[in-house]
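To keep things clear, I will list the structure first and then write my remarks on it.
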Amino acid sequence: MRHIMAKQQQTLLERRYSMLGLFLIAPTVLVFCAVIVYPLISAVYLSLFKIFTPTLEGSWVGLDNYRVLLSKGEFWTSLRANLIWTVGTLSLQIIFGVGMALVLHQNIWFRSLARSLILFPYFISTVVAVLVWKWLFNDLYGILNHLMITAGLIDWPIDYLGSMPNAMISVILVGAWKYFPFVVIAVLARLQSIPDQLYEAAKIDGAGPIARFFDITLPQLREVLVVIIMLRAIWDFKEFDLIFLLTGGGPVTSTQTLPLLVYKEAFALNQMGMASAYAVIMMLIMLGFMLVYIRRTRSEES
Amino acid sequence: MADVVLSNVNKVFGTFTAVDGLNLDIRQGEFVSLLGPSGCGKTTTLRMLAGLEFPSGGEIRIGDRMVNDLAPGQRDIAMVFQSYALYPHMSVGQNIAYPLKKRGVAKAERTAMVAKTAEMLQLTPLLNRKPRELSGGQQQRVALGRALVRDPKVFLLDEPLSNLDAKLRGYMRAELIELHQRLGRTMVYVTHDQLEAMTMSDRIAVMESGKLQQFAPPQVVYREPANRFVASFIGTPGMNIVDGELLQENGRWIFQSQGFSVDAPNLGPDAQSGAAAMGIRPEGLSIGTGPIEGVVQLVEQTGHENIVVARVGDGLRMTGRTNPDQPVRAGETIKLSIDANKAHFFAEGATGKRLNKAAATSDGPAKSQSALKEATS
């Protein structure tokens, strides 16, 4: 009854508040349109043309770009590389991240120092980090090969970045190293908010350390892990700089993920229309991630 | 037979002594409250019994076992936490079943035991709900259910009622008493609420600064407080405590304070001349006639009685009770008298020992019980 009344007559104050609301969100909406909606629409639009990048001259081809790309082997190998990279690096980030968060949650010495140091890979610029790793990995002068040969683990230097599957493994490892601190911080924040009394109750109920991890810690981390996995999956899926700088997609195209392929089409092969078509496909795949993510968060709320 | 024994138990956190040389003998089936202000060591004591805290010294026995080196899960105890500590991702049924599951009870048997416990606590319709969908009182009952389900030797309860509203607290208090009578299990109950301790316990252990002050049945704690701390801590409104001096005159003891003196008829052999304190409960103070003059500062009306706070002499505040029909107003000058037979005398100091003869008071337990109810209601 009251609900209907409210709909019928809105007071002046209420109307003023809604005007104020519109006024306050307007800047965000405008910026959002300028940097997200416009490029998105143009990408879809451009993907329907055959465009020569330097001159930006093009001709209408309709859905031809999509037909070509879906029938090309390169798209599928890149998608495969992209999925291997995403799943591989994400799993390692989660495993190391949760493990490290559990360690840092304990009362260990230098805990606060360790907590700051752990963020180091995440803070450091990707270019710098990759250059350091490239030197570590270098097959002739790299310290990794040197140490392993000195330790007698290998007889010959390993080509970490120039052969498969080494290159993919190296990229995945560097990605895990670079981004696991994000998982550590998010998980640690959640761990600290789990009430101690739950663990104490479980101890009294007869649960050992392993049972306490699976019956309390893990269920309590579930929600935050869902969010972390979704976010990192999206970010890792479209990761460009780290892979591009480390291997450039090589050897040949074995670590060439979709973002690298988009870049190659647009600026090496000068096919802006084709690149846009790849980008749109990528977006559709990520839209899949997004839908899962949104449904997830919705069901958590209800 | 003693069921839970603490012998000379200490607990030190860094430089802070939380529990200091505690000795307690708790009999089988007894309901014992650990009562004291916050920081007195009562919760630490309970946590040491549970095995969540390790004693720095001394010995803890449960039943015939020394449990100092046993993990909480092996001590055959159950604990109810102040925050209930229900597992949020498990349903009510799973919460109650958890301790059974961890002890390897078979599924069919588990289900039957959970059903029985749920019925006893009227939780049957809620078994599939999650804790966050329950009210405070329901969560409380689930926490109890999780403790009850495996029939432990000793129940430990850490201020279980303090998160409930006043009405529900009164109800749960009665439920707990009934539960204790039905189960006949040893229960150790931590509280800072004297009303809970007084109404539920067989014996109360009053603690302060990590030390046991008195361990006795509620009526004894109320009528014969072992020292000044216990006297001032138990009773609402609190006992009036007056500093003064004990003198011996013509073979009888007299307590003298600012502007008035009282006979001290029941002193025991420990009494000495010199600085001492007298305690008198508000019901031992009669208002209307008497040798002491005071100015009424405050009258609190509770409905069935008025509580009168008066200033006597130089800033001393005395609290008494009057019938609500007796007209007393703030600012009035009134006469007071102290019933010397109801007075308690304590040696000097915050925990000065009681100096009265043992079992000094003459009124029977029934009367004191009713006085107690008034005092705490």
Sorted by chain and number, the residues with a modelled amide H under 5 Å from that of B:ARG129, at a separation of 5 or more or across chains, are B:VAL92, B:GLY93
How far is helix B:92-102 tilted off the main Cα axis of chain B, in degrees rounded to 10, range 0 to 90?
80
Under the rule a/c < 1.5 gives rounded, and otherwise a/b versus b/c splits prolate from oblate, where does region A:200-288 land using the Cα gyration tensor?
prolate
Dmax and Rg, reported as Rg then Dmax, of region B:2-223 (C-alpha, Å):
17.2, 52
Once the Cα atoms of helix B:166-183 and of chain B are each reduced to a long axis, what angle between those two axes, in degrees from 0 to 90 to the nearest 10, is obtained?
70
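So, for chain B, what is the accessible surface per residue at a probe of 1.4 Å, expressed in square angstrom? List each step's numbers first, then the result.
Working: 16590 Å² over 377 residues.
Heavy-atom SASA per residue in chain B reads 44 Å².
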What whole-number distance in Å separates the alpha-carbon centres of region A:160-224 and region B:99-135?
30
What figure, in Å² to the nearest 10, do you get for the accessible area of A:PHE214 with a 1.4 Å probe and non-protein molecules left out?
120
Where does region B:163-278 land on the Kirkwood hydrodynamic radius, alpha-carbon pairs, in angstrom?
16.8
Rounded to 10°, Cα long-axis angle of helix B:136-148 versus longest principal axis of chain B:
70
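So what's region A:72-301 giving for Rg/Rh, alpha carbon basis, Kirkwood Rh from the mean inverse pair distance? Let's see the in-between values first.
On the way: Rg = 20.6 Å, Rh = 19.9 Å.
A ratio of 1.04.
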Quick one: plug the Kirkwood hydrodynamic radius of region B:241-343 (C-alpha pairs) into Stokes-Einstein at 20 °C, 1.002 mPa s, and report D in µm²/s.
150
Given unit charges at Cβ for Lys, Arg (+) and Asp, Glu (-), the dipole magnitude of chain A about its Cα centre in debye, nearest 20, is 880
Over region A:102-179, volume per residue of the alpha carbon convex hull, in Å³:
132
Based on DSSP H runs of at least 4 residues, each adding -39500 (n - 2.57), what is the mean residue ellipticity at 222 nm of chain B after dividing by all its residues, to the nearest 500 deg cm²/dmol?
-7500 deg cm²/dmol
For B:TYR87, solvent-accessible area (1.4 Å; no DNA, RNA or ligand), Å²:
0
From the helices alone, meaning DSSP H stretches of at least four residues, give me the mean residue ellipticity at 222 nm for chain A, per-run term -39500 (n - 2.57), in deg cm²/dmol to the nearest 500.
-22000 deg cm²/dmol
Given the pairs A:LYS203/B:LYS153; B:LYS130/B:LYS153; B:LYS42/B:LYS101; B:LYS153/B:LYS353, which are separated by over 24 angstrom at their Cα positions?
B:LYS130/B:LYS153; B:LYS42/B:LYS101; B:LYS153/B:LYS353
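I need the per residue convex hull volume for the protein assembly as shown, using only the alpha carbons, in cubic angstrom as a whole number.
Values: hull volume 201.4 nm³, N = 679.
Once divided by residue count, the hull of the protein assembly as shown is 297 Å³.
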Which of the residues in region B:64-79 lose at least 20 Å² of accessible area when you go from the chain alone to all protein chains together (probe 1.4 Å)?
B:PRO72, B:GLY73
Compute for chains A and B the buried accessible surface, both sides summed, probe 1.4 Å, and express it in Å² to the nearest 100.
1500
Which of B:GLU208, B:GLU245, B:GLU109 moves the most in a Gaussian network model of chain B with Cα springs under 10 Å?
B:GLU109
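Compute the normalised compactness of region B:1-93: alpha-carbon radius of gyration over 2.2 N^0.38 Å, N being the residue count.
Normalised Cα radius of gyration, region B:1-93: 1.15.
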Two-decimal log10 I(q)/I(0) for region A:89-147, as the Debye equation yields it once each C-alpha is a single scatterer, q = 0.17, 0.19, 0.25 Å⁻¹:
-0.79, -0.89, -0.99
In whole Å, largest first, the alpha carbons of region A:135-228 cover along the principal axes 57, 29, 20
Could you work out Rg/(2.2 N^0.38 Å) for chain B, with Rg from alpha carbons only?
1.14
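The values are calculated or read from the model by the stated rules, or taken from the named source; none is laboratory data. Here the structure is a predicted model, which is why all the values come from computation and not from measurement. Cβ coordinates were reconstructed from backbone atoms using ideal geometry, including for glycine residues, and neighbour counts include every protein chain displayed. Ligands, DNA and RNA are stripped out before the accessible areas are found, and what is left, the full protein with its side chains, is counted by its heavy atoms. Shrake-Rupley method; radii C 1.70, N 1.55, O 1.52, S 1.80 Å.
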